[in-house]
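Notes follow the structure.
Read-outs: derived from the displayed coordinates by stated rules, not from any lab. These figures come from a predicted structure and were not determined experimentally. As a convention, Cβ positions derive from the backbone with ideal geometry for all residues, glycine included, and neighbour counts pool all protein chains shown.
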Amino acid sequence: MLYFDTSFLVPLVRDEATSAKVERFMARLPVGQLAISHWTRVEFASLLGRDVRMAGLTSEAAKRADAVFEAVVEESFVVLLQKRATSILQRNISAIIRLVCAPAMHCIWPSPAIAAWRRSSASTRHL
């Protein structure tokens, strides 16, 4: 099973520089083996809301994008319960933190988790 983060899936719905590459990559993958969690849906909705608030997207365009995203999810992804998604993510949590969450100001972890991330990624903080 392949778990996908929201940031990887956004170019499937929004026109971005990486959209064509992501589409080609996703087209080669087996349907039924692709997974997201309910958090992915929440994060995508949050992204659309932010874009509307910042006037980068109209409310109607956001509704259309959300409908497309939900159609893609229903068609191609297994939506994991959070416990199962967490289990999959924990297999490579330090890489996920370094690549996805650490740069995001909205991610908040207890201090011990931040300290652990800093220790584990001290030599790889080139991102």
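The amide H of Leu2, built 1.01 Å from its N in the peptide plane, has Leu34, Ala35 as neighbours under 5 Å, considering only residues 5 or more places off or on other chains.
Can you give the net charge of the other residues whose Cβ lies under 11 Å from the Cβ of Val13, counting K and R as +1 and D and E as -1? Kindly include the intermediate steps, with their values, before the conclusion.
Working: positive: Arg14, Arg64; negative: Asp15, Glu16, Glu23, Asp66, Glu70.
Residues near Val13 contribute -3 overall.
Applied to segment 47-53, the Karplus parametrisation 6.51 cos²θ - 1.76 cosθ + 1.60 on θ = phi - 60° returns per-residue 3J(HN,Hα) values of 4, 5, x, 4, 4, 5, 4 Hz, with x for Gly and Pro.
Over the alpha-carbon set of segment 2-91, divide Rg by the Kirkwood Rh and report the Rg/Rh ratio to two decimals. Spell out each step's value before the answer.
Values: Rg = 13.3 Å, Rh = 13.7 Å.
The Rg/Rh ratio comes out at 0.97.
Fully extending the segment from Arg53 to Arg41, taken as 0.36 nm per residue of separation minus the present Cα-Cα distance, adds 2.5 nm.
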